[in-house]
Structures are given as C-alpha cells and as structure tokens.
Amino acid sequence: MIRAAQAAGLLVVAQPDEQDPLNYLTRESVSDIVMRSGRPVLFHPYVDARPDFDRILVAWDGSREAVRALNDAAPFMAGADVLFLTVVPDSERKAAPGDTERLLGFAGRMGANATFAEHVAREIRVSDVVMSRAADHSADLVVMGGYSHSRFREVVLGGATRDILDQMPVPVLMSH
C-alpha cells in the first residue's frame, strides 16, 4: 500500500474505525501511511461531511512537518478564510519572531484571507485546543503536520496526531 501511495498526489483515507469489523485500516496502518508514504493524506471523518474548504485551520508549530502540511494545503487555500493557530505551554512561546508575517504573506499569495492566533494551553491537551478552535472558526478543514513517536512513547504520552484522528469532526490534511 505504501508503494502505491507514493505515486499519488493526495491520499484520501477514511477515518480509522477499529470497532468496525469491515474496516481494514488500523491506527498503526494509518500512521504508517502518513509517516512512510511521503504524500499528504486527507482523512475524511465518519460524519457525512461535504466540505467546501472555505474555512481552514492550520495547526502551526514551525516544525518541518507543519511547513510540509502548509505547502500541501496551498491548493485548497484560494478564496478561503485561514486561521493559523499556535498552541504553546504556559511558560513557553513557540511562534518564532516573524512567523506571523511570513504565514500571513504565504496565505495572501495563495489568495486566502488569513489571521494568526496563539493559544496558551493551561492543563489542556493540544488536540482539544485545536478541535475547539476549529469549531469556533467553523473550519471545514484542519491542516497539520503528522508526528510519530516510538510505539511505547505514543502509548505512554498520547499524541495530538492520534487524538485528532480519533475525534475529528471535519476532514484533516496531514503531512510528514
């Protein structure tokens, strides 16, 4: 499956449902697709969403994965309202100086109307902040980098990537 995926421009994958006996996609196989295919993956939720992709939330942390996801989402941005969201711990600021201007400039060149927001997370999971802000923004697409830890660390620490795939109410575009 990975080899076939590498020849695609965009992979569209249903949200994994490990409770469905007919579903052959597990959380692990979906993670492998994101991490090893080298291609952007658009996950479609269980709900019957028919998005226009006119309100997009980009989860931004300045990482290589976030940059890749942003560039992979560029074709969807023309005419869209885009919210760049950075979630930071109480004691730390992750948005690098100049990120706001660069991101807004990028979105503008793609034909999008963009804003930038920074959310300080106090005792709340990053995935919960992202999904809450996506609902507040009425987003019909969430864009984010896909991250992976060792299986042990992922089980122990959890992970925003896994949590968002588990609870997504709108399509999610991920790139690694």
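Total residues in the range 7-46 satisfying the condition of being modelled with pLDDT of 75 or more and outside any helix (DSSP H, G or I): the figure is 18. The set of residues in the range 112-134 that are more than 15 Å from Asp163 (Cβ to Cβ) and touching a residue at least 24 places away in the same chain (Cβ under 8 Å) comprises Ala112, Asn113, Ala114, Thr115, Phe116, Ala117, Glu118, His119, Val120, Arg122. Reported count of residues in the range 41-50, each being closer than 23 Å to Asn113 by Cα and surrounded by 15 or more Cβ atoms within 10 Å (Cβ to Cβ), is 1. Of all the listed residues (Ala73, Ala69, Ala139, Ala114), the sole one being touching a Leu at 6+ places or on another chain (Cβ under 7 Å), modelled with pLDDT of 95 or more, of a type in the set (Gly, Ala, Ser) and farther than 24 Å from Leu11 by Cβ is Ala114. What number goes with the only condition from (1) crowded, with 17+ Cβ neighbours inside 10 Å; (2) part of a loop (DSSP other than H, G, I, E, B); (3) at pLDDT 90 or above; (4) at negative phi that Phe53 does not pass? Answer for Phe53: the failing condition is (4).
Scanning the range 145-169 for residues that are closer than 21 Å to Leu10 by Cα and not in a helix (DSSP H, G or I), we see that the one that is modelled with the lowest pLDDT is Ser148.
The values are calculated or read from the model by the stated rules, or taken from the named source; none is laboratory data. Since we're looking at a predicted model, the values are computed, not measured. Note that each Cβ is placed from the backbone with ideal geometry, even for glycine, and that neighbours are counted across all protein chains shown.
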